[in-house]
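Here the structure comes first, spelled out in structure tokens, and everything after it is commentary.
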């Protein structure tokens, strides 16, 4: 039994290390652009993060810009916001939502918070004049630089 444990324990440690490193490294070909066509091509959607970028566990807001496929601003749209960490299998730690339209086709997304570093997805279900559609954005939250 002792020789079995001596062989299995190192294998378990290597397996656990590989699994954890896979969770912390986003795919090499991950599309991190913050402007996309929606899934069915009904809309062009852009996300604008806050400046400066927020710290881990800090509440913050983003701006969503919504236009038709031809580039005209889309007014009076409704959104459902979802997302999470695909490599960890959990959703957002908050329930972010689009709270209001700031100007034609520009909306305020409030209640955002990233609880840890790594790959996050922000999913928007859109209900606008052209119909229902959706879009997913990828972002990678890094460790902020040390302050002097």
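Where a number appears in this text, it was derived from the coordinates with a stated rule and is not lab data. Model, not experiment: these values are computed from the prediction. FYI the Cβ positions are ideal-geometry reconstructions off the backbone, even for glycines, and counts take in every protein chain you see.
Taking each residue of the range 48-60 that is in contact (Cβ under 8 Å) with a residue 12 or more places away in the chain and looking for partners that are part of a loop (DSSP other than H, G, I, E, B) and loosely packed, with under 12 Cβ neighbours inside 10 Å with beta-carbon atoms closer than 9 Å, six or more apart or interchain, yields 53/142; 56/143. For the range 64-79, the criterion of being under 24 Å from residue 143 (Cα atoms) and either loosely packed, with under 15 Cβ neighbours inside 10 Å or touching a residue at least 60 places away in the same chain (Cβ under 8 Å) (or both) is met by no residue. Scanning the range 83-95 for residues that are surrounded by 12 or more Cβ atoms within 10 Å (Cβ to Cβ) and more than 19 Å from residue 37 (Cβ to Cβ) yields 84, 85, 86, 87, 88, 91, 92, 93, 94.
Residues that are part of a strand (DSSP E or B) and closer than 20 Å to residue 59 by Cβ do not occur anywhere in the range 126-133. For the residues 102, 109, 124, the requirement of being exposed (fewer than 15 other Cβ atoms within 10 Å of the Cβ) and either over 14 Å from residue 47 (Cα atoms) or in contact with a strand residue (DSSP E or B) (Cβ under 9 Å, 6 or more places away or on another chain) (or both) singles out 102. Only residues that are part of a loop (DSSP other than H, G, I, E, B) and either surrounded by 13 or more Cβ atoms within 10 Å (Cβ to Cβ) or in contact with a helix residue (DSSP H, G or I) (Cβ under 6 Å, 6 or more places away or on another chain) (or both) were counted in the range 43-57, giving 4. The residues of the range 94-114 that are under 12 Å from the mean Cα position of the chain (by Cα) and outside any strand (DSSP E or B), listed by number, are 96, 113, 114.
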